[in-house]
Amino acid sequence: MKRRMAARAITGLLVAAVAGLWSAAAQTPPAPPPSDACAALAGLVIDKVAVTAAATVPAGAFTAEGVRRPLTVPVFCRVQAVARPTADSEIRFEVWLPPKEKWNGKFQGTGTGGYDGSISYAAIAAAVAHGYAATSTDTGHVGGDLKFGAGHPEKVRDWAYRAMHVTAIAAKLMTRDYYGRWPDHSYYVGCATGGHQALSEAQRYPEDYDGIVAGDPGNDRLNETAGYVSAWLALHDADGKPLLTQADLQLVTATAVATCDRDDGVADGVIDDPRRCRFNPAVLLCKAGQSERCLSATQVDAVKKVYAGTRNPRTGALIFPGWSIGSEGYGPAPNDGWGAWLLDPKIPMRSEVYNDFVFDNPGWNFRSFDFDKDVSYAQDTIPWLAAEDRDLTAFQARHGKLILYAGWSDPVAASEDIVKYGTDVVKVMGVKRAAEFFRFYMVPGMGHCSGGPGTTSFDMLGALEQWVEHGRAPDRIVAARPDGTRTRPLCVYPKAARWTGKGSSDDAANFVCKIVG
């Protein structure tokens, strides 16, 4: 509790300091748009921000550093800038602005993935194509190597939360100067690390956005990293050799789905809620003489350990929940399950957080991880790396709206950790107050932000806009298979979709949202 109070106090001081930094610029009245309003943005003066380029980009193919394939874009004004809120900060960001006649009057911030330092060009291109003024940032470093944080605590703070805030403030100022007025509404949309950033914005900087979409957030960063180490150790032998193959993982998932598919009353190849699934991987234990489509005792034990999660060996307290039944190997590709995230890496995913952020020691070996002392030390040292505050009073007081969602089959951000955060927000805020600004959805059969056998195509931003702009709270959101063969309602947790028994079970209209005992 003391650590949480101290972290919130530090955050409050940072909010006040940064708010003061931008206040003068924010209060300056906008100048009349010049004849070449885009080029004129190159001369915009914002404290601790340097505009490096501003030019109109014609419609057609767009390429830039980090863009794997050319993007098809409409004509827009491209602003490139660098923010330096501290002496050790170098936060690159871009703002893309559609022509005035194409602007929908709204602003959209977009998230990043992993620890990657790069502009999310695809996300801002999609936003501009729909009429939004949009921004994206590299969060203060280049590439996905965590070494950027070794000996640079301010750069770690930039990645953890500050870059998103300073980018939002500067980008909205540019939007105001380009169009001659402030956006009518500001939205943030992000998944994975983008979901972490979304929750950080709601918790630390509630004034930045009117509406926020947070998908599959990895917001419990330090405990999550401990979970990755624990899972990796469970899935590898003493020499670091994987104990299972991708085929083994797919066998586990297929058997689990066959066991629990009908738990929700419909046979659709999807586990509705893994916590209700009574699958035991021991049913796959090889019998005498059997060597194919079965697991050894060691493999069964490894799977069970990943399900069980990570505990403090001294107190027995849960550090991080295990990964869900059905997340093991739900597709043919290695990243469709534990393969790319827990099994294939040569060292535990993101264990460098402890090397470079916590201990500042490149020689630290994850095999020496102390799940009691090291976790406690990390929480005392850099608690601000996470975004775990359940008290969203400030965001609610500004009439902000927040949509949180996650996939039940997520092999990256353990679904039960996200469920705990969502349910805790309701407990802390109270059911009535939470209903005014917060909606939380779990998506059966969805992996990390997308993919999987469930109905994984949905429009969270559209639902959020209806709520923010028209007061229509989304009590259910219709989701579809990407090929359009099935629709289902996503229900506000803890409700779940149940077929009425009438009409097609592939049509969302034939489902109701209800509490399932």
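Please indicate, with yes or no, whether at least one residue in the stretch 125-137 is surrounded by fewer than 20 Cβ atoms within 10 Å (Cβ to Cβ) and modelled with pLDDT under 95.
No, the stretch 125-137 contains no residue that is surrounded by fewer than 20 Cβ atoms within 10 Å (Cβ to Cβ) and modelled with pLDDT under 95.
Looking at the stretch 157-184, which of the residues that are open to solvent by 10 Å² or more (accessible area, probe 1.4 Å) and under 22 Å from the mean Cα position of the chain (by Cα) is farthest from residue 109 (Cα to Cα)?
157
Is there a residue being farther than 30 Å from residue 333 by Cα, crowded, with 21+ Cβ neighbours inside 10 Å and aromatic (Phe, Trp, Tyr) anywhere in the stretch 372-381?
Checked against the condition, which is being farther than 30 Å from residue 333 by Cα, crowded, with 21+ Cβ neighbours inside 10 Å and aromatic (Phe, Trp, Tyr), the stretch 372-381 yields no hits at all.
From the list 341, 384, exactly one residue is open to solvent by 40 Å² or more (accessible area, probe 1.4 Å) and part of a helix (DSSP H, G or I). Which is it?
341
Can you pull out every residue in the stretch 302-332 that is open to solvent by 70 Å² or more (accessible area, probe 1.4 Å) and free of Cβ contacts under 8 Å to residues at least 24 places away in the same chain?
304, 318
Working only within the stretch 143-179, note down all residues that are of a type in the set (Gly, Ala, Ser), in contact with a Ser or Thr (Cβ under 9 Å, 6 or more places away or on another chain) and assigned to a helix (DSSP H, G or I).
160, 163, 168, 170, 171
Restricting to the stretch 276-301, name every residue that is surrounded by 14 or more Cβ atoms within 10 Å (Cβ to Cβ) and either within 20 Å of residue 225 (Cβ to Cβ) or β-branched (Val, Ile, Thr) (or both).
The one that is surrounded by 14 or more Cβ atoms within 10 Å (Cβ to Cβ) and either within 20 Å of residue 225 (Cβ to Cβ) or β-branched (Val, Ile, Thr) (or both): 300.
For residue 403, which of the numbered conditions (1) touching a strand residue (DSSP E or B) at 6+ places or on another chain (Cβ under 7 Å); (2) within 15 Å of residue 228 (Cα to Cα); (3) hydrophobic (A, V, I, L, M, F, W, C) fails to hold?
The single condition residue 403 does not satisfy is (2).
If only one of 213, 252, 270 is closer than 25 Å to residue 453 by Cα, open to solvent by less than 30 Å² (accessible area, probe 1.4 Å), in a loop (DSSP other than H, G, I, E, B) and of a type in the set (A, V, I, L, M, F, W, C), which one is it?
Selected residue: 270, the only one of 213, 252, 270 that is closer than 25 Å to residue 453 by Cα, open to solvent by less than 30 Å² (accessible area, probe 1.4 Å), in a loop (DSSP other than H, G, I, E, B) and of a type in the set (A, V, I, L, M, F, W, C).
Would you check if there is a residue in the stretch 354-373 being modelled with pLDDT of 95 or more and closer than 23 Å to residue 449 by Cα?
No, the stretch 354-373 has no match at all.
Given the criterion open to solvent by 10 Å² or more (accessible area, probe 1.4 Å), out of contact with any helix residue (DSSP H, G or I) (no Cβ under 8 Å at 6 or more places or on another chain) and under 24 Å from residue 199 (Cβ atoms), identify the matching residue among 65, 154.
From the options 65, 154, the qualifying one is 154.
Which one of these does residue 244 not meet: (1) under 23 Å from residue 346 (Cα atoms); (2) open to solvent by 10 Å² or more (accessible area, probe 1.4 Å); (3) more than 25 Å from the chain's Cα centre (by Cα)?
Residue 244 satisfies every listed condition except (2).
It is to be established whether one or more residues within the stretch 312-320 are out of contact with any Asp or Glu (no Cβ under 7 Å at 6 or more places or on another chain) and hydroxyl-bearing (Ser, Thr, Tyr).
Checking the stretch 312-320: at least one residue is out of contact with any Asp or Glu (no Cβ under 7 Å at 6 or more places or on another chain) and hydroxyl-bearing (Ser, Thr, Tyr).
Among (1) of a type in the set (Lys, Arg); (2) over 18 Å from the mean Cα position of the chain (by Cα); (3) within 27 Å of residue 219 (Cβ to Cβ); (4) open to solvent by 50 Å² or more (accessible area, probe 1.4 Å), there is one condition residue 420 misses while meeting the rest; what is its number?
Unmet for residue 420, out of (1) of a type in the set (Lys, Arg); (2) over 18 Å from the mean Cα position of the chain (by Cα); (3) within 27 Å of residue 219 (Cβ to Cβ); (4) open to solvent by 50 Å² or more (accessible area, probe 1.4 Å): (2).
For the stretch 22-62, what are the residues that are at pLDDT below 50 and buried (at least 16 other Cβ atoms within 10 Å of the Cβ)?
22, 25
Considering only the stretch 256-309, how many residues are among the small types (Gly, Ala, Ser) and over 19 Å from residue 337 (Cα atoms)?
Total meeting the criteria: 8.
Name the single residue that is most open to solvent (accessible area, probe 1.4 Å) among those in the stretch 70-92 being touching a residue at least 60 places away in the same chain (Cβ under 8 Å) and over 15 Å from residue 47 (Cα atoms).
If we take residues in the stretch 70-92 being touching a residue at least 60 places away in the same chain (Cβ under 8 Å) and over 15 Å from residue 47 (Cα atoms), then 88 is most open to solvent (accessible area, probe 1.4 Å).
Select from the stretch 138-151 the residues that are small (Gly, Ala, Ser) and open to solvent by 10 Å² or more (accessible area, probe 1.4 Å) and write down the one among them that is farthest from residue 222 (Cα to Cα).
Here the residue is 143.
Before we move on, is residue 394 over 19 Å from residue 488 (Cβ atoms), free of Cβ contacts under 8 Å to residues at least 60 places away in the same chain and not in a strand (DSSP E or B)?
no
Just give me the residues in the stretch 432-455 being aliphatic (A, V, I, L, M) and out of contact with any strand residue (DSSP E or B) (no Cβ under 7 Å at 6 or more places or on another chain), in sequence order.
Result: 434, 435.
Among the strands (runs of 3 or more DSSP E) confined wholly to the stretch 399-517, which include 1 or more residues that are more than 19 Å from residue 265 (Cα to Cα)?
401-407, 438-443, 476-480
If the Cβ limit is 9 Å and pairs must be 6+ apart or interchain, which residue in the stretch 270-284 that is over 20 Å from residue 487 (Cα atoms) pairs with which residue that is assigned to a loop (DSSP other than H, G, I, E, B) and of a type in the set (Lys, Arg)?
284/293
The values are calculated or read from the model by the stated rules, or taken from the named source; none is laboratory data. Here the structure is a predicted model, which is why all the values come from computation and not from measurement. Cβ: placed from backbone, ideal geometry, glycine included. Neighbour counts: every protein chain shown. Heavy atoms of the whole protein, side chains included, go into the accessibility calculation; ligands, DNA and RNA do not. Shrake-Rupley method; radii C 1.70, N 1.55, O 1.52, S 1.80 Å.
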